[in-house]
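The values are calculated or read from the model by the stated rules, or taken from the named source; none is laboratory data. Because the structure is predicted, anything quoted here is derived from the model rather than measured. No Cβ is skipped: glycine too gets one built from the backbone with ideal geometry, and neighbour counts run over all protein chains shown.
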Amino acid sequence: MKRIKLGLFLIIVILPIIQGCEHFLDEKADYSFSTPESLNDLRALLDNEVIINQGYPGLTEVGNTDYYLDDVELGNIASYLQDTYLWDSNDEATDPSSWVKPYEAIMVANVVLESINKVPVSDETLYRQVLGEAHFVRGMFMFYLSQLFCQPYDENLSTDQLGLPLKYTANIAEKIERSSLKKTYEQILLDLNTAKDHLPERSSYKTRATKCAAMAGLSRVYLSMAAYDKAEMMTDSALLINKELLDYSKINDQIAYPFKADNPEIIYQAYSPWTIAILLSNGTFVSDQFYNSFEDDDLRKALFFTVNANGKISFKGYYTGFRTSFFAGLSVDELYLNKAELLARKGMLAGSLDVLNELRVKRYKAQSYKQLPVAGLDRNEVMNIVLDERRKQLFFRGVRWMDVRRLNKFDNQGIILRRTSAVTGVVKQYELKPNDLRFTYPIPKDVVLMSGLKQNPRQ
């Protein structure tokens with residue numbers, strides 16, 4: 001990790017729409033006002049990892065069903081988190097920190113972008129890095145927010161669908177309203193493309209954005225939009241810079257958390273520590289069905305999971321290197337999976353499976369690995385193989401929610417999410433059907449009341 005320069009200042013980054021809502025934050029920070037006076041001051045703002053790298057929203061993982069929370073633990077958490085976990089249709093079934101924390105980071109990015117042309121340019125390279133990183137931060141956090149608080153992108157409807165409140169300035173008194181979804185995605189793409197054009201290919205610190213990270217981010221965004229040609233172009237460009245895969249056979253599966261935070265697959269290191277009452281409680285376990293989908297010679301079965309004395313299964317494969325946060329960044333393995341999917345979509349089935357084999361050979365015991373056949377399968381069969389591999393490899397990465405939304409929207413996959421719980425005292429099954437309005441979370445109620453922002457419909 002890089003050393004964070006503390007500097008002489010911190011800038012308060014609470015939006016006007018959440019002023020007075022300090023209870024949304026896990027703890028109240030002691031901020032002071034100051035004006036950045038140099039590029040190094042702006043560098044220090046972007047090196048504040050608590051805001052820039054550790055504020056990604058936990059809601060991206062909460063709604064998925066490859067894990068579960070046992071009923072005792074579920075009954076002990078706040079009622080609004082119970083409702084969120086069970087996909088309730090009320091407007092309190094959300095996580096306030098998943099709204100607040102991204103907008104804090106966006107505000108910091110806006111401070112940097114407003115200030116960068118007002119400070120002396122003592123170093124052109126540093127100027128370009130700071131400018132690019134600020135655009136990257138704003139674009140990535142807006143994209144995460146769009147996957148939670150906006151409906152899935154639809155080119156034919158995007159001008160009519162509700163987008164995000166787009167915050168471009170550091171003026172905390174600025175009154176903002178929700179934009180269209182079209183404008184939201186235009187801004188996301190503008191920010192990430194601007195970042196791509198200014199950032200260096202690599203950085204000494206995985207917590208700083210790079211050209212490769214911007215292109216990996218664009219690959220994910222375009223995939224969510226079903227803009228497959230552009231997604232493939234960004235995937236290929238990123239892989240030209242970094243295509244190194246981690247050899248899982250060289251990792252010790254006997255230690256508590258086998259993966260290191262600086263492993264070579266990581267392009268950009270970011271964490272999502274929020275909503276831990278659901279995701280990281282002692283009662284959070286991996287579903288038996290998901291665990292059993294991993295073959296016995298798949299190294300991930302021992303590296304990702306621990307079978308407890310009571311037979312329940314816990315996840316330990318955090319690319320963050322520790323349990324208190326799940327990985328919300330960008331990585332090389334995701335690029336391989338993007339490429340395999342994009343080739344399959346074009347009907348290049350042998351090429352798709354070749355890419356998948358390149359990844360899988362690093363995930364299985366070498367002596368028993370069998371290459372996936374490159375012949376005899378139709379497009380649907382190959383797509384199913386690719387998507388199954390994606391689901392396994394990117395577990396607890398904040399990607400599955402996006403995938404379910406887009407696969408139901410564009411491919412009519414008909415994925416129904418189901419949970420069974422007896423937290424109410426009666427065993428009950430809960431369902432989230434394809435394209436249900438509950439795939440879009442409500443904006444936190446107090447934010448809506450204070451700002452007048454239009455709420456997302458839930459039923």
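For the range 120-137, state whether one or more residues are crowded, with 18+ Cβ neighbours inside 10 Å, aromatic (Phe, Trp, Tyr) and not in a loop (DSSP other than H, G, I, E, B).
Checked against the condition, which is being crowded, with 18+ Cβ neighbours inside 10 Å, aromatic (Phe, Trp, Tyr) and not in a loop (DSSP other than H, G, I, E, B), the range 120-137 yields at least one hit.
If Ile267 meets every condition in (1) assigned to a helix (DSSP H, G or I); (2) touching a strand residue (DSSP E or B) at 6+ places or on another chain (Cβ under 7 Å); (3) closer than 23 Å to Arg360 by Cβ apart from one, which number is that one?
(1)
I'd like to verify a number: residues in the range 77-87 that are buried (at least 18 other Cβ atoms within 10 Å of the Cβ) and outside any helix (DSSP H, G or I), how many?
Looking only at that region, the number is 3.
Take the residues in the range 359-402 that are among the acidic types (Asp, Glu) and more than 27 Å from Leu279 (Cβ to Cβ); name whichever of them is surrounded by the fewest Cβ atoms within 10 Å (Cβ to Cβ).
Asp378
From Phe294, Phe290, which residue is in contact (Cβ under 8 Å) with a residue 24 or more places away in the chain, part of a helix (DSSP H, G or I), farther than 25 Å from Met215 by Cα and among the aromatic types (Phe, Trp, Tyr)?
Phe290
Restricting to the range 138-181, and then to whatever is among the β-branched types (Val, Ile, Thr) and in contact with a strand residue (DSSP E or B) (Cβ under 7 Å, 6 or more places away or on another chain), can you tell me which residue is surrounded by the most Cβ atoms within 10 Å (Cβ to Cβ)?
Ile176
Here's the yes/no breakdown for (1) under 17 Å from the mean Cα position of the chain (by Cα); (2) at positive phi; (3) of a type outside the set (Gly, Ala, Ser):
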site: Glu232; (1), (2), (3): no, no, yes
site: Leu239; (1), (2), (3): no, no, yes
site: Tyr248; (1), (2), (3): no, no, yes
site: Ala256; (1), (2), (3): no, no, no
site: Pro264; (1), (2), (3): no, no, yes
site: Ile276; (1), (2), (3): yes, no, yes
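Cβ contacts < 7 Å: first residue small (Gly, Ala, Ser), restricted to the range 251-273; second residue crowded, with 19+ Cβ neighbours inside 10 Å and assigned to a strand (DSSP E or B), any location; separation 6+ or different chain. Result?
From residues that are small (Gly, Ala, Ser), the pairs are Ser272/Phe326.
Looking only at the range 212-231, decide whether some residue is of a type in the set (D, E, K, R) and either modelled with pLDDT under 95 or in contact with an Asp or Glu (Cβ under 9 Å, 6 or more places away or on another chain) (or both).
yes
Here is a yes/no grid of residues against (1) among the hydroxyl-bearing types (Ser, Thr, Tyr); (2) in a loop (DSSP other than H, G, I, E, B); (3) closer than 14 Å to Gly63 by Cα; (4) more than 26 Å from the chain's Cα centre (by Cα):
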{"site": "Arg419", "(1), (2), (3), (4)": "no, no, yes, no"}
{"site": "Arg438", "(1), (2), (3), (4)": "no, no, yes, no"}
{"site": "Val448", "(1), (2), (3), (4)": "no, no, no, no"}
{"site": "Lys454", "(1), (2), (3), (4)": "no, yes, no, no"}
{"site": "Pro457", "(1), (2), (3), (4)": "no, yes, no, no"}
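State which residue is nearest to Leu223 (Cα to Cα) when the search covers only the range 396-434 and only residues that are free of Cβ contacts under 8 Å to residues at least 60 places away in the same chain and aliphatic (A, V, I, L, M).
Among them, the one singled out is Leu407.
If you take the residues in the range 195-252 that are out of contact with any Ser or Thr (no Cβ under 7 Å at 6 or more places or on another chain) and polar (S, T, N, Q), which one is nearest to Lys182 (Cα to Cα)?
Taking the candidates together, the pick is Ser224.
Pick from Leu453, Leu437: which is touching a strand residue (DSSP E or B) at 6+ places or on another chain (Cβ under 8 Å) and under 21 Å from Ser89 (Cβ atoms)?
The match here is Leu453.
Yes or no: Ala93 outside any helix (DSSP H, G or I) and either aliphatic (A, V, I, L, M) or crowded, with 24+ Cβ neighbours inside 10 Å (or both)?
yes
Kindly check whether there is at least one residue in the range 27-35 that is among the hydrophobic types (A, V, I, L, M, F, W, C) and at pLDDT below 95.
Yes - at least one qualifying residue is present in the range 27-35.
Tell me which residues, restricted to the range 277-305, are surrounded by fewer than 17 Cβ atoms within 10 Å (Cβ to Cβ), touching a helix residue (DSSP H, G or I) at 6+ places or on another chain (Cβ under 8 Å) and among the charged types (D, E, K, R).
Across the range 277-305, the qualifying residue is only Glu295.
All but one of (1) touching a Ser or Thr at 6+ places or on another chain (Cβ under 6 Å); (2) within 21 Å of Val108 (Cα to Cα) hold for Ser179; state the number of the condition that does not hold.
(1)
Which residues, taken from the range 30-70, are farther than 30 Å from Gln151 by Cα, touching a Ser or Thr at 6+ places or on another chain (Cβ under 7 Å) and not in a loop (DSSP other than H, G, I, E, B)?
Hits for the range 30-70 are Leu39, Leu42.
Can you tell me which of Gly311, Gly317, Gly347 is at pLDDT 95 or above, assigned to a loop (DSSP other than H, G, I, E, B) and within 26 Å of Ser272 (Cα to Cα)?
After applying the criteria, what remains is Gly317.
Could you say whether any residue in the range 75-92 is aromatic (Phe, Trp, Tyr) and at pLDDT below 95?
The answer is yes; a qualifying residue exists.
Is there a residue being closer than 27 Å to Phe143 by Cβ, crowded, with 16+ Cβ neighbours inside 10 Å, out of contact with any His (no Cβ under 8 Å at 6 or more places or on another chain) and not aliphatic (A, V, I, L, M) anywhere in the range 247-258?
Within the range 247-258, none of the residues are closer than 27 Å to Phe143 by Cβ, crowded, with 16+ Cβ neighbours inside 10 Å, out of contact with any His (no Cβ under 8 Å at 6 or more places or on another chain) and not aliphatic (A, V, I, L, M).
Conditions tested, residue by residue: (1) outside any loop (DSSP other than H, G, I, E, B); (2) more than 30 Å from Ser314 (Cβ to Cβ).
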position	(1), (2)
Gln371	no, yes
Ala375	no, yes
Glu381	yes, yes
Ile385	yes, no
Phe396	no, no
Met402	yes, no
Lys409	yes, yes
Gln413	no, no
